[in-house]
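The values are calculated or read from the model by the stated rules, or taken from the named source; none is laboratory data. Being a predicted model, the structure only gives us computed values, none of them experimental. Counting neighbours? That spans all protein chains shown, and the Cβs are built from the backbone with ideal geometry, glycine included.
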Amino acid sequence: MLTYLAKRLLMTVPTLLGAAVLIFFMLRVVPGDVVEVKLRGDGASITQAVIDAERSRLGLDKPLPEQFASWIVGLGKLDPGLSMWTGKPVVDEMKIRLPLSIQVAVMGALIATLLAVPMGTLSALYRDSPVDYLLRIFSLVGLAVPAFWFGMVIILLLLWLFNWLPPVVYTPFFVDPVANLSQLIWPALVVGIRYAAVVARMVRSSVIEVMKEDYIRTARAKGLAEKVIIVRHAMKNAMLPAITVIGLEFAFLMGGLVVTEQVFNLNGIGQLFVQAVAHRDFVLVQNIVMFIAAVFVFTNLAVDLLYAAFDPRIRYR
Amino acid sequence: MTLDATTIGMPARSRPRPGPWRKFVRFAATQPLGAAGLVTVLVMAIAGALAPYIAPYDPVAISFGDMLAPPSWEHPLGTDNFGRDILSRILYGARTAIIMGLVSALIGSTLGAIIGVASAYFGGVIDLMIQRVVDIFLSLPIIVLALVVVAMLGRNLVLGFDFNLILAISIPIVPNVARVVRSSALSIREMAYIDSARVAGYSTRRIIFRHMAPNLMAPYLIMLTAFIAQAILLEASLSFLGLGVTEPSPAWGLMLAGNAVDFYRQAPWMIIFPGVAISLAVFSFNLLGDSLRDWLDPKSRLR
C-alpha cells in the first residue's frame, strides 16, 4: 500500500508538469500582456520606453524558457512569482481568499452528497414511478439552470420571503459560525445543487446495476429485511461509482465557484481568477489554473485510495 | 421487437425512403421529450431570426421615460434600468445565443472529431501524445479553460463579431469530443469492413472519410447537440462575468451582468426573464441531445 501510494504520488508529477507547460505556453502564444492593459488601458499615450521598463521589471523581457524554468522552480518552493497587476506575491493573493472558497466548495460537496445519495437510491428503487420522474426532472433542470442565475433567484427569494439579504462581509467560521454560515450557505447551495444533479444520476444507475446482482437475490432468499438489503448490501456496493463522480466533480465545482462568487460578491479564488483574466495577469492566471489542476489530480488520487477502503476486493501493488 | 403486418408484409426495398416529416413523426413517437425539445429550439431559432419583425421595440433604444417599468401591455416583460424593452432584448438575445452556441459547438465538435479520429487511426505515439494533452485539458472545468483562452487572446472584433469569444467557447469542447469520438473510432477500426478496405488497397484518406466517418456520425451528432447547450451556457456565463459579449449587444448573460443586481428590489423582472430564457434554451438542447442519444444509439438505453 505504501509503495503504491509513493508510486501514485510520483505519477502526479508528470501530469502536473505537463499541465504547467501547456498553460504557460498557451498564455504566451499571442502577443500582448498585462503591461499594455495596465498602462494603455485608459487610452493614455505611453512611450515604448516606459512599457519596456515595466516589462523588464516584471521579467517579461527574458526568453520564455527561462521564464518558464524560474516559474517551475518557484512552484516547487511555493513561491510562484508576483502578480503582474498588483505586484504582490501570488501566494499571498491566493492565501487570503482560499479559506472562503474551500469552505464553499466543501459545503457544496456535502450538500450534494446528502441530496444525491438518498435521491438517487430512491429513484432507482422506485424506477419509472413518479419519484423517479421527479428526480430526472430535477437533474435535467439542475443542469440547465445557469449557476449565476440560480444564485440571483435565491437572493430574490430571500428578499421576498424574509426581506433579508445575506451579509456581505466575510467572517471566518471559527470567529462567528452563525454569521459565517448565513453568508456562505447560499453559494454552497448553488454549487451543491448543480453537483447533486450529476451525482444523483450516477447513484441511480449504479443502484439499479447492483440490485440485479446475485448477492442481492441471495440476501433476499436468506429472508433479510428489505431495509438491511438496501442499506448494507446494495448501497455499500453502489457507493463506489458514486464516490468516483463525487471526487471528479469536486474539482469541477471550482468552475461553478467562478460565477457563483461573482453573484454573491465573495472575495474568493473564483473572483480573483476572473479579475486576473480581465487584466491578462498571466502569472496569476497560470497559478490559479495549476491550483485547480492540482485539486483535480489529488482528488482523483484520494478517490482511488478510498476505493481500497470501501472494496476489499481491490488490492494495490 | 413485435412483428406486425407492415414489417412483414412489405419488403424494405419497395418502401420509399422516409422524408424528413415522416422521420420527425417517428422520432416524436418514440422520443416525445426530445420532440418537445426540438420544437422549443426551433421556436427560439425562428423567434431569433424574425426578431426585427416581431420585437415590439428597438433592443438598444434607451428611453429614460420608461425606466424600470413593470410588465404591462406596452412592455410585456417590463423594461430595464435604461428603459430598454426586455422582451425585445430577449428576442434579439436568442439570436446571439443560438448563433454563438451553434457556431462554437460546430467548430469545437468538428475539431474534436478530427483529432479523435486521427488519434484512433494512427495510434501509437501520436495517440499517446494527443491523449495526454486531452487528459490535461479535461482536468479543468470548461469555464476555467474558456477563461484561459479569453486571457490568452484578449478582444478581437471582426465585423462586429467577436471571433475570439467563439474560440474561447469552442476550445473547451474539443478535448471532450475528441475523447468520445476516439473511443468510438477505436472500436470501428477493429471492424471487419475496415480490414477489408485496407486489404482492397484503399488509401488512408479514403478509409477515414468513406468508411470510418459515416459510422461516426451518430456520436458526433449527439455530442454536437449536447455541446450547443453547453456553449449557450458558457456564452451566458462569460457575458455575465463581463468577459463575453459586450454592451450594447443584446445577450441573455449580459442582461444579468454588472449592475442588474442593484435592482433586485425595484425590478425583479430584469433578473427573472433573461434567466428563464437561458434555462429554457439549455434545457431544450439537453432534452434533444439525450433523446437523440437514445434514438441513434439504442445500446445506451439499456444502461
Checklist entry - Any idea how many residues of segment A:141-153 are closer than 15 Å to A:Q262 by Cβ, small (G, A, S) and within 7 Å of chain B (Cβ to nearest Cβ)? => result 0
Item to check | Hits in segment A:154-173 (condition: loosely packed, with under 11 Cβ neighbours inside 10 Å, modelled with pLDDT under 80 and either away from every other protein chain (no Cβ under 14 Å) or not in a loop (DSSP other than H, G, I, E, B) (or both)) | outcome: A:V169
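When you go through B:I90, B:I115, B:I62, B:I98 one by one, which is the residue that is in a helix (DSSP H, G or I), touching a residue at least 12 places away in the same chain (Cβ under 8 Å) and farther than 17 Å from B:I278 by Cα?
Answer to the check: B:I115.
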Checklist entry - Exactly one of (1) farther than 24 Å from A:L98 by Cβ; (2) at pLDDT below 90 is unmet by A:W149. Its number? => result (2)
Checklist entry - If A:T244 passes every condition in (1) touching a Phe, Trp or Tyr at 6+ places or on another chain (Cβ under 9 Å); (2) at the interface with chain B (Cβ under 8 Å from one of its Cβ atoms); (3) β-branched (V, I, T) but one, which one does it miss? => result (2)
Next on the checklist: If I ask for residues that are more than 8 Å from chain B (Cβ to nearest Cβ) and outside any helix (DSSP H, G or I), which ones from segment A:266-280 would you list?
Outcome noted: A:L266, A:N267, A:G268
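Every residue, every condition in (1) under 26 Å from B:L287 (Cβ atoms); (2) more than 20 Å from the chain's Cα centre (by Cα); (3) within 14 Å of chain B (Cβ to nearest Cβ); (4) not hydrophobic (A, V, I, L, M, F, W, C), yes or no:
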residue	(1), (2), (3), (4)
A:S83	no, yes, yes, yes
A:V91	no, no, no, no
A:I96	no, no, no, no
A:A105	no, no, yes, no
A:A116	yes, no, no, no
A:T121	yes, yes, no, yes
A:A124	yes, yes, yes, no
Checklist outcome for this item: Of (1) within 11 Å of another protein chain (Cβ to nearest Cβ); (2) touching a residue at least 60 places away in the same chain (Cβ under 8 Å); (3) part of a helix (DSSP H, G or I); (4) closer than 30 Å to B:L238 by Cα, A:A251 fails just (2)
Next on the checklist: Tell me yes or no: at least one residue of segment B:268-286 is surrounded by fewer than 24 Cβ atoms within 10 Å (Cβ to Cβ), within 12 Å of chain A (Cβ to nearest Cβ) and outside any helix (DSSP H, G or I).
Outcome noted: yes
Checklist outcome for this item: With criteria (1) within 13 Å of another protein chain (Cβ to nearest Cβ); (2) in a helix (DSSP H, G or I); (3) crowded, with 18+ Cβ neighbours inside 10 Å; (4) out of contact with any Pro (no Cβ under 9 Å at 6 or more places or on another chain), B:Y220 comes up short on (1)
Next on the checklist: Give me the residue from segment B:237-253 that is closer than 12 Å to B:P274 by Cα and free of Cβ contacts under 8 Å to residues at least 60 places away in the same chain and, out of that set, farthest from the other protein chains (Cβ to nearest Cβ).
Outcome noted: B:G253
